[in-house]
Amino acid sequence: LDTEREWARIRSAFATLEAQDVARVVRLPRNTLAELGKYIARHPVHVLHFIGHGHFDVETQRGYLIFEDETGGSAPVSGDELLQQIPTRNDLLLVFLNSCEGATGSGEESFAGVAQTLVLGGVPAAVAMQFAISDSAAAVFAPEFYQAFVGGAAVDQAMIQARRALAATPK
């Protein structure tokens, strides 16, 4: 994953708000669930953005995000496990899962995906992909979404703008 490119574009989308001290974009030093939980417990978080891999397991009928474990290996994290790290306070407005299959459901349970679990658990909005997404598409989609969102667009309108930008991007 080209996380550096995506990170730079997201920072750019928020640059004006950061300069005005309206928003702050923070990147955690490690992509572990424990690190995320510690940060969220100490700081208000309005938007949680995940850059990484996701997977829908057809055997368990559950979606997972792939975090790091404490040794740097892979740690599948379900939506329920992620919800345990998100306090039940009102400052979290949006979770953006820039990963493959973050919103994949199953024929038996359409709310089995990570994004659906988060929304059912009280997160007001989640942006996620139902299918695999290429690294280059992910690097275009998120910054375009945030530019619209930071500019005052509602989540659905920001999605439309990001989808249009993605459709206009040479393959």
Rounded, prolate or oblate: which one fits the stretch 103-161, using the alpha carbon gyration tensor with axes a ≥ b ≥ c (rounded when a/c is under 1.5, else prolate when a/b beats b/c, else oblate)?
oblate
Determine how large the accessible area of Ile133 is when every protein chain is in place; take a 1.4 Å probe and give Å² rounded to the nearest 10.
40
All Cα pairs of the stretch 59-121, percent lying beyond 17 Å:
42
Below 8 Å between Cα atoms, with a sequence gap of 6+, how large is the relative contact order for the stretch 1-68 in percent?
24
Would you please name the GluC sites (Glu not before Pro) within the stretch 95-171 that are DSSP coil residues with at most 13 other C-beta atoms within 10 Å of their C-beta?
Glu108, Glu109
Quick check for you: which residues of the stretch 122-142 have the amide N under 16 Å from the point 7 Å beyond the Cα of Thr16 toward its beta carbon?
none
Dipole check, the stretch 23-107, charges on Cβ (K,R +1; D,E -1), about Cα centroid: among Gly105, Val47, Ile86 the Cα furthest to the positive pole belongs to Val47
For a quick size check, give me the Cα extents of the stretch 1-83 along its three principal axes, largest first, whole Å.
48, 28, 25
If amide hydrogens are placed 1.01 Å from N in the peptide plane, which non-local residues have theirs closer than 5 Å to the one on Ala153?
none
For the chain, just run the numbers: alpha carbon Rg, then divide by 2.2 N^0.38 Å, N being how many residues it has.
0.99
Cβ-placed point charges (K, R +1; D, E -1), dipole of the stretch 1-131 about Cα centre in debye, nearest 20
580
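Can you tell me the relative contact order of the chain? Whole percent, Cα pairs under 8 Å, sequence separation 6 or more.
22
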For the chain, accessible area per residue (1.4 Å probe, heavy atoms of protein chains only), Å²:
54
Give the carbon-plus-sulfur fraction of the accessible surface of the stretch 21-171 in %, rounded to a whole number; probe 1.4 Å, heavy atoms of protein chains only.
54
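The values are calculated or read from the model by the stated rules, or taken from the named source; none is laboratory data. What you see is a predicted model, and the numbers here were worked out from it, not measured in a lab. Heads up, the Cβs are rebuilt from the backbone with ideal geometry, glycines too, and the neighbour counts pull from every protein chain shown. Side chains are part of the model used for accessible areas, which takes the heavy atoms of the whole protein and leaves out ligands, DNA and RNA. Shrake-Rupley method; radii C 1.70, N 1.55, O 1.52, S 1.80 Å.
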